[in-house]
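FYI, it's all coordinate maths here, none of it is from the lab. What you are looking at is a predicted structure, and each value in this text was computed from that prediction instead of being measured. All Cβ positions, even for glycine, are placed from backbone atoms using ideal geometry, and neighbour counts span all protein chains on display.
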């Protein structure tokens, strides 16, 4: 999934960079508060994509004596930083722009057609970036042999540990909503001549961005603290291990994501009686192999099997 995440992030990066430059020019020419909010949003998103790429790159660093399980959690850390930036930069600046226009002397909207054109172009770029992200988001579902239905997509969204890809999906979705809100505000201001509609749109965009940022921060916080595998993966592992003839029962199992695909697994099992040492070693290998079928992109070295005597 790392390759899919990288492609989705690059698609969002180049799209947002061009969009941000265009929006700033349009905002400067027209004086639209909601367009300024969208400019901050796209500029922040551009920086965010760079930070996500930094996280993906750092997560691939090999293990060291100081970090013996690698640097996989770098993705979670930088995704958390991105969430705080969406909240702190995009959200707050959008609110500030909206409230200063709403509570101050207001502003005069000029050449609104420029805004319509820029927002329409931005919508196309953002929609394409979201399309690419969704394609990669569907891959795990299809690999399991399931259909990419709404319920399965919702379930994948809830259980996904790929925070880089999740962040891109959330950002692009927020961007599309923001563009629509900005367009509505500009249109109402254009029709009525009342700049308050444009200012309120900026405030709504700020609240929207903060809401999405809070969601992302919450997801990344859980993974940084050490989140286990999904309930579905847990049940599959337990089912496979319990089906091994020599396994009497699984006593305990604990898991933790070290990266979106790398997982540490500790499992304690009780075996049937009268097994010699060689047979116990063979069963241990079988247990590890069965677990790897559920988490094939992880590392066998990170599976620890304890036999209850």
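Given the C-alpha atoms of the range 231-308, compute the convex hull and give its volume per residue in Å³.
Roughly 78 Å³ of hull volume per residue.
I need to check one value: relative contact order of the range 2-225, counting alpha carbon pairs closer than 8 Å and at least 6 residues apart, in percent.
33 percent
Does the range 85-223 classify as rounded, prolate or oblate by the C-alpha gyration tensor (a ≥ b ≥ c root eigenvalues; a/c under 1.5 gives rounded; else a/b over b/c gives prolate, otherwise oblate)?
prolate
If you take the square roots of the eigenvalues of the alpha-carbon gyration tensor of the range 32-135 and sort them as a ≥ b ≥ c, do you get rounded (a/c under 1.5), prolate (a/b over b/c) or oblate?
oblate
Angle check, please: helix 277-294 long axis (alpha carbons) against the longest principal axis of the chain (alpha carbons), in degrees 0 to 90, nearest 10.
Between helix and principal axis, roughly 20 degrees.
Output the antiparallel fraction of DSSP beta bridges having both residues in the chain, as a percent to the nearest 5.
60 percent
When the helices in the chain are scored as -39500 (n - 2.57) per DSSP H run of 4 or longer and the sum is shared across all residues, what 222 nm value do you end up with, to the nearest 500 deg cm²/dmol?
-24000 deg cm²/dmol
Which of these, 160, 94, 34, has the largest mean-square fluctuation under a Gaussian network model of the chain (Cα springs below 10 Å)?
160
Restricting to the range 231-308, compute how many DSSP beta bridges are antiparallel as a %, nearest 5.
60 percent
Run the simple label-point estimate for residue 211 and residue 289 please: 7 Å along Cα→C-beta, distance reported in nm.
Output for this residue pair reads 5.1 nm.
Find the relative contact order for the range 231-308 and round it to a whole percent, using C-alpha pairs within less than 8 Å whose residues are 6+ positions apart.
34 percent
Please check which bits of the range 156-183 a label hung off residue 150 would reach, taking the label as a point 7 Å along Cα-to-C-beta and the cut-off as backbone N under 17 Å.
156-158
Looking only at 203, 81, 272, which one moves most when the chain is put into a Gaussian network model with springs between Cα atoms under 10 Å?
In the Gaussian network model the winner is 272.
Per residue Cα convex hull volume for the chain, in cubic angstrom?
Cα-based convex hull of the chain, divided per residue, equals 130 Å³.
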